[in-house]
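The values are calculated or read from the model by the stated rules, or taken from the named source; none is laboratory data. Please read these numbers as outputs of a predicted model, since none were measured by experiment. Methodologically, a virtual Cβ is constructed for each residue, glycine included, from the backbone with ideal geometry; neighbour enumeration extends over all protein chains shown.
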Amino acid sequence: MSDYQMHIFFFSPNVNLGRAMARELGSGFEFRQSELLQLPADLEQVQAWWDVVLVDLSAANTECEAEAGLALVQRITRLQTPAPVVALLARDDRRLVLKAIERGVFDTIAVPPDILELRLVLRRAWRYHQTERELERLRMDRLHPRRLCDLIGASEPMQEVFALAEKVAGYDINVLITGETGTGKELLARAIHQMSPRQHGPFVAFSCVNLPETLIEDELFGHERGAFTGALTARRGRIEVADGGTLFLDEIGDLGLGLQPKLLRVLQERTFERLGSSTPISVNVRVLSATNQNLPELVRQGKFREDLFYRLNVVEIHLPPLRERRDDIQFLAQHFLEKFARQFNKDVRRFSPWALHALEEYDWPGNVRELSNTIERAVALAQGTTIDVVHLTRSARTTARVETVARSYEEEVREFKRRLVLRTLRECGWRKAEAARMLGVARTYLHRLINQLGIREEEETGAVPSPEQLPPVPPRVI
């Protein structure tokens, strides 16, 4: 640190205050000042230069002036790669302190600043920023998003799904795909087909949900001319169309008991008859099926044939819900953003940190399909290049408010400290001396923090989420 010139950018109309602070800070700090409380025109160059940003809110004499300074703080903290912001405030202005923290400042300091305190705050902010950047780099190094055809995943559960799908794709066996609605079961079935020797054959998908049994029978097996009233011509069913390729039966748990023996015959003997015909037709088809129901339970209830279940379930692949693979949310959201930005011909490129935080905290009961719809809506509503919380659906916005507003200021500060210390300890393998150096604090102070924050022994043995699973926390005072 002693060999590095920390770059401080100061937003303040008070030129004399800036000169005095630059002079008193002395060596180790490089100082620049803007007299306007607005982002500079050469923002990209300035961003590449600054390490910590100081914003002077002490001279605000009116509500309008204070709001202008707070708006600047918010714009800086919502940049794609924000720097930590330290706000200069008049003494005893508790209301403005709380507003500044709500807008995302790292810390506040009273004017006129004590230079020793200012140096400490700036160095702590710089160390925090460096730590966060390194943790993000390590996280991104660990989480390489991978594509399996149209499926995207970086989390460990999805890597297991991809590995199993690749193993079974080359073998002509039936696969049962389970998972909640919206997890991408048909996409996985298409991926298996595209990786299989049948990739040049047809992929025929059919959903068994909420259809009369007679209609499903006609759709699957087809009919001969005159088989029933209105059958003016012969028609091939989905099974026949899929000959030489793959048949995907979605929501197989909704298939009626009357049709299950017919499907079982197709799986066992590779033959069937059209409606109105007794002539068997031979087919060479691979069957992939999917369900969001508990088929073993349906078998126990007598609603699904046990022999058909075992024929379909040669290999089962379970797609986990999105709430169990939160590491994938960021990559999926960016993928959908780019997709819909192209589709709508809009220059939307990124998410604000608060919008991304809301996306990662929401439980997504509709899974990937709901996430896609949310991003589609957000891209359509966004005016600039960034999607903010206001562009998200009401459910995601409510999650963000609960996480960031409902708790008191003291609870927010305590929770932030706890998460930062716990994450740093895990990154350092619970070597407290190394963690203390990374945090820039004395080892005795770190021990005191561990006791104060209630970081218990069971957390050291892995009873709590790993640091990668901890949600990102907006910057708060330490």
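Selection of region 287-308 for residues being crowded, with 19+ Cβ neighbours inside 10 Å and in a helix (DSSP H, G or I) yields L295, L308. Scanning region 38-69 for residues that are within 31 Å of the chain's Cα centre (by Cα) and crowded, with 22+ Cβ neighbours inside 10 Å yields V52, V53. Of all the residues in region 23-37, those that are modelled with pLDDT of 90 or more, buried (at least 16 other Cβ atoms within 10 Å of the Cβ) and out of contact with any Ser or Thr (no Cβ under 7 Å at 6 or more places or on another chain) number 4. Spot the failing condition for F331; the list is (1) assigned to a helix (DSSP H, G or I); (2) touching a Phe, Trp or Tyr at 6+ places or on another chain (Cβ under 7 Å), and only one is missed. The single condition F331 does not satisfy is (2). With respect to the conditions (1) surrounded by 17 or more Cβ atoms within 10 Å (Cβ to Cβ); (2) at pLDDT 85 or above, P157 falls short on a single one, namely (1).
Which numbered condition in (1) among the hydrophobic types (A, V, I, L, M, F, W, C); (2) more than 23 Å from K99 (Cβ to Cβ); (3) part of a strand (DSSP E or B); (4) in contact with a Pro (Cβ under 9 Å, 6 or more places away or on another chain) is the only one that F31 fails? Unmet for F31, out of (1) among the hydrophobic types (A, V, I, L, M, F, W, C); (2) more than 23 Å from K99 (Cβ to Cβ); (3) part of a strand (DSSP E or B); (4) in contact with a Pro (Cβ under 9 Å, 6 or more places away or on another chain): (4). Take the residues in region 1-28 that are part of a loop (DSSP other than H, G, I, E, B) and in contact (Cβ under 8 Å) with a residue 24 or more places away in the chain; name whichever of them is farthest from V73 (Cα to Cα). Taking the candidates together, the pick is S2. Take the residues of region 284-342 that are touching a residue at least 60 places away in the same chain (Cβ under 8 Å) and among the hydroxyl-bearing types (S, T, Y): which is farthest from N373 (Cα to Cα)? Only one residue tops the list, namely S289. For region 192-209, which positions are in contact with a helix residue (DSSP H, G or I) (Cβ under 7 Å, 6 or more places away or on another chain) and either within 19 Å of G244 (Cβ to Cβ) or surrounded by fewer than 17 Cβ atoms within 10 Å (Cβ to Cβ) (or both)? Those that are in contact with a helix residue (DSSP H, G or I) (Cβ under 7 Å, 6 or more places away or on another chain) and either within 19 Å of G244 (Cβ to Cβ) or surrounded by fewer than 17 Cβ atoms within 10 Å (Cβ to Cβ) (or both): I192, M195, S196, Q199, P202, F203, V204, A205, F206, V209.
Remark: pairs (first residue in region 87-113, at pLDDT below 80; second residue hydrophobic (A, V, I, L, M, F, W, C); Cβ separation under 6 Å; 6+ apart in sequence or on different chains) = R91/A110.
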